[in-house]
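*Asks:* Can you keep this structure in mind? I'll have questions shortly.
The values are calculated or read from the model by the stated rules, or taken from the named source; none is laboratory data. From a predicted model like this one, the values you see are computed outputs, not experimental measurements. Methodologically, a virtual Cβ is constructed for each residue, glycine included, from the backbone with ideal geometry; neighbour enumeration extends over all protein chains shown.
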Amino acid sequence: MAFYGWEYIGVFEPKNPFVLVDIPGKGQGLVATRFIEQGELVLREEPLFVVPQQTTESPTALISRLLNDLDASDREAFLNLTYVHFPEGLDPETHPEEVALAIFQTNAAAAGDGAGLFPLFSRLNHGCSNAFNVVYSFSLSQRALFVYALKDIERGQELLDAYTDTKRTRKERRKYLAEHYGFDCKCPVCSLDDAASKASDERLTAMAHLYERLSTWSEGTIDGVEAIKTANQIWKLGDEEGYWSARGQLAADAARISAAHSDASSAKSWAQKAIEWYTYELGEDSDLVAETRATADQPQEHPAWASRETLSVGGPV
Ligand SMILES: C[S@@+](CC[C@H](N)C(=O)[O-])C[C@H]1O[C@@H](n2cnc3c(N)ncnc32)[C@H](O)[C@@H]1O
């Protein structure tokens, strides 16, 4: 059965706005079955299990034990996942416990203090820079993972998240992804022609440098005005590149800088921007939205308020 030119494999639950399909060059992946609006909750998933950071058990024994505790359908969902980095010289047929560990290592996601295995989330492929269109977070209180649409996603478009920070050149990204994740990236940004790729590389590299510069405000290397100018430059480059990663955090940092310099009106407008982006990234009921709403309402109550010299730093442009 074909779906929008993709070969349909399964995992179609009406509540989920995507299906699992074959994606040439990437194994399988998730494709939208309808238009998904920026900020929409795409997936809520509970883990099959969570592995704590510290354990006395050997990794293979631990994963095998957790796998045995699952019911048959969950175990099957786990064993259907892909894996990389299998120990050289070992035969997967005769080393199922090593296969289970490799599956876990390839697919696990941060889940509070540990790493969790989420079979549907595991099917998301990676996209660099402007190619990724969903972001995930884990809620400790709900013990569930949430995936939100960072951008509008068209019906038939692949859902992609970012496995790592991609503010680096294509060559650097390719090397990093091959070494750490074991694949040659086939995302739309890595597939650009050379001229477009060079322009994208320049924007991403400039953004990385600007982020470094922004971070020097805390040690006093740049003042508040320069810091806010830098935040606005990052924002503008992000618009040009279509790279919208961590914008809630960027705006919240700018609100903190504004509050530190006792600039209430800039703190308010940056906090409002942070609320908007945290809502897309994490949902409107997230703790960070609530925290930032408090800054938008009463910037003087921000913990950093008046901790630096008084300055009019400027809001988002
Ligand atoms: C967590 S899994 C994602 C789902 C996987 N494609 C599947 O078939 O289940 C990670 C693996 O997907 C593939 N993959 C993910 N993103 C990719 C990309 N941008 N280009 C090529 N392969 C990718 C790689 O094989 C990688 O090891």
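*Asks:* When residues of segment 240-268 are filtered for being part of a helix (DSSP H, G or I), surrounded by 19 or more Cβ atoms within 10 Å (Cβ to Cβ) and not basic (Lys, Arg), how many remain?
*Replies:* 14
*Asks:* Give, as residue ranges, the strands (runs of 3 or more DSSP E) completely inside segment 112-159 that count at least 1 residues that are among the β-branched types (Val, Ile, Thr), out of contact with any helix residue (DSSP H, G or I) (no Cβ under 9 Å at 6 or more places or on another chain) and in contact (Cβ under 8 Å) with a residue 60 or more places away in the chain.
*Replies:* Where strands (runs of 3 or more DSSP E) fall fully within segment 112-159 and carry at least 1 residues being among the β-branched types (Val, Ile, Thr), out of contact with any helix residue (DSSP H, G or I) (no Cβ under 9 Å at 6 or more places or on another chain) and in contact (Cβ under 8 Å) with a residue 60 or more places away in the chain, they are 134-139.
*Asks:* Hey, another quick one. Within segment 43-63, can one find any residue that is touching a strand residue (DSSP E or B) at 6+ places or on another chain (Cβ under 6 Å) and over 30 Å from Asn133 (Cα atoms)?
*Replies:* no
*Asks:* Follow-up question, since we're still on this one. Please find, among Gly25, Gly39, the residue that is surrounded by fewer than 18 Cβ atoms within 10 Å (Cβ to Cβ), assigned by TED's automatic domain parsing to the domain that holds Gln142 and part of a loop (DSSP other than H, G, I, E, B).
*Replies:* Gly25
*Asks:* Let me ask something additional. Could you tell me whether segment 57-76 includes any residue that is within 17 Å of the chain's Cα centre (by Cα) and surrounded by 12 or more Cβ atoms within 10 Å (Cβ to Cβ)?
*Replies:* no
*Asks:* Let me ask something else. Somewhere in segment 88-95, is a residue more than 12 Å from the ligand (Cβ to nearest atom), hydrophobic (A, V, I, L, M, F, W, C) and surrounded by 13 or more Cβ atoms within 10 Å (Cβ to Cβ)? Before you say what the answer is, go through the steps one by one.
*Replies:* Taking segment 88-95 first, the residues more than 12 Å from the ligand (Cβ to nearest atom) are 88-95.
In the following step, the residues that additionally are hydrophobic (A, V, I, L, M, F, W, C) were identified as 90.
From what's left, surrounded by 13 or more Cβ atoms within 10 Å (Cβ to Cβ): none.
No, the conditions are met nowhere in segment 88-95.
*Asks:* Given (1) farther than 25 Å from Asp69 by Cβ; (2) surrounded by fewer than 19 Cβ atoms within 10 Å (Cβ to Cβ); (3) within 15 Å of the ligand (Cβ to nearest atom), where does His85 come up short, assuming only one miss?
*Replies:* With (1) farther than 25 Å from Asp69 by Cβ; (2) surrounded by fewer than 19 Cβ atoms within 10 Å (Cβ to Cβ); (3) within 15 Å of the ligand (Cβ to nearest atom) applied to His85, the lone miss is (1).
*Asks:* Pick from Leu101, Leu145: which is in the same structural domain as Asp69 (by TED's automatic domain parsing) and modelled with pLDDT of 95 or more?
*Replies:* Unique residue meeting the criteria: Leu101.
*Asks:* All but one of (1) within 16 Å of the ligand (Cβ to nearest atom); (2) within 28 Å of Ser286 (Cβ to Cβ) hold for Val50; state the number of the condition that does not hold.
*Replies:* (1)
*Asks:* For segment 209-216, state whether one or more residues are in contact with a strand residue (DSSP E or B) (Cβ under 7 Å, 6 or more places away or on another chain), of a type in the set (Ser, Thr, Tyr) and either touching a residue at least 40 places away in the same chain (Cβ under 8 Å) or outside any helix (DSSP H, G or I) (or both).
*Replies:* Initially, segment 209-216 is screened for residues in contact with a strand residue (DSSP E or B) (Cβ under 7 Å, 6 or more places away or on another chain), giving none.
There is no residue in segment 209-216 that is in contact with a strand residue (DSSP E or B) (Cβ under 7 Å, 6 or more places away or on another chain), of a type in the set (Ser, Thr, Tyr) and either touching a residue at least 40 places away in the same chain (Cβ under 8 Å) or outside any helix (DSSP H, G or I) (or both).
*Asks:* Check segment 112-128 and report whether any residue there is farther than 30 Å from Glu37 by Cβ, over 14 Å from the mean Cα position of the chain (by Cα), near the ligand (Cβ under 10 Å from one of its atoms) and surrounded by 18 or more Cβ atoms within 10 Å (Cβ to Cβ).
*Replies:* No, that holds for no residue.
*Asks:* Another one. Would it be correct to say that Val225 is in contact (Cβ under 8 Å) with a residue 60 or more places away in the chain, surrounded by fewer than 20 Cβ atoms within 10 Å (Cβ to Cβ) and assigned to a loop (DSSP other than H, G, I, E, B)?
*Replies:* Here the answer is no, as Val225 does not meet what is asked.
*Asks:* Within segment 269-291, can you find the residues that are buried (at least 17 other Cβ atoms within 10 Å of the Cβ) and not in a helix (DSSP H, G or I)?
*Replies:* Gly283, Ser286, listed by residue number.
Okay, residues lined up against (1) among the hydrophobic types (A, V, I, L, M, F, W, C); (2) over 30 Å from Asp263 (Cα atoms); (3) more than 20 Å from the chain's Cα centre (by Cα):
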residue	(1), (2), (3)
Lys186	no, yes, no
Ala195	yes, yes, yes
Lys198	no, yes, yes
Thr221	no, no, yes
Ala227	yes, no, yes
